[in-house]
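So the structure is just underneath, and the comments pick up after that.
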Amino acid sequence: MYTYISLLRGINVGGNNKIKMDILSKLYEELGFNNIKTYIQSGNVVFDSIIDNSDELAVKIEEKIKSYLSLDIRVIIRAKEDFGKIIDNNPFNEKDL
């Protein structure tokens, strides 16, 4: 099982492309993902999947959102480890200032 973070672009901004997080969670559940957690109304979702291909996951999520909500939303997927590296290499870390 792999843990991913998905970032949905341009949702719930200025009243456009509205997606409720409970509906988004349900869509992820229908795609077979586990341990789904959303963050406020941001469109950021942490989830587990047996699929080891972030590009494939992004396409699956984009297609599900389009078919279910009729929204053309770009999805960016990163593995949990990728975010750890980003945080570790943050040039604005307090320890580096």
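Rule-based calculations on the coordinates, nothing more; no lab input. This is a predicted model, so every value here is computed, not measured. Note that we place each Cβ from the backbone using ideal geometry, even for glycine, and neighbour counts take in every protein chain shown.
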Query - Computed over the chain: relative contact order in percent, which uses C-alpha pairs under 8 Å that are six or more apart - result: 35
Query raised in the report: Dipole magnitude of the chain about its Cα centre, charges +1 at Lys/Arg Cβ and -1 at Asp/Glu Cβ only, in debye to the nearest 20?
Result: 380
Query raised in the report: How big is the Rg/Rh ratio for the range 45-97, C-alpha atoms only, Rh by Kirkwood, two decimals?
Result: 1.15
Query raised in the report: In degrees, nearest 10, range 0 to 90: what is the angle between the Cα axis of helix 54-69 and the longest Cα principal axis of the chain?
Result: 40
**Report entry** Modelled FRET efficiency - R0 30 Å, I73 with M1, Cβ distances, 0.05 increments
**Finding:** 0.75
Report task. Net charge near K80: determine it from the other residues with C-beta under 14 Å of the C-beta of K80, scoring Lys and Arg +1 and Asp and Glu -1. Result -> -2
Query raised in the report: Roughly what would the spin-label model give for I86 and D55, points 7 Å off Cα along C-beta, in nm?
Result: 1.9
Report task. Mind checking which of N16, I87, I40 is farthest towards the positive end of the chain's charge dipole, using Cβ charges of +1 (Lys, Arg) and -1 (Asp, Glu) about the Cα centre? Result -> N16
Requested in this report: Kindly provide the Kirkwood hydrodynamic radius of the range 1-42 in Å, to one decimal, from all pairs of distinct alpha carbon atoms.
Outcome: 11.2
Query raised in the report: At a Förster radius of 22 Å, what calculated FRET efficiency corresponds to the Cβ-Cβ distance of E62 and Q41, to the nearest 0.05?
Result: 0.70
Report task. Among L71, L31, M1, pick out the residue whose Cα is farthest towards the positive end of the charge dipole of the chain, where Lys and Arg carry +1 and Asp and Glu carry -1 on C-beta, about the Cα centre. Result -> L71
Query raised in the report: According to the square roots a ≥ b ≥ c of the eigenvalues of the Cα gyration tensor, what is the shape class of the chain, taking rounded for a/c under 1.5, prolate for a/b larger than b/c otherwise, and oblate for the remainder?
Result: oblate
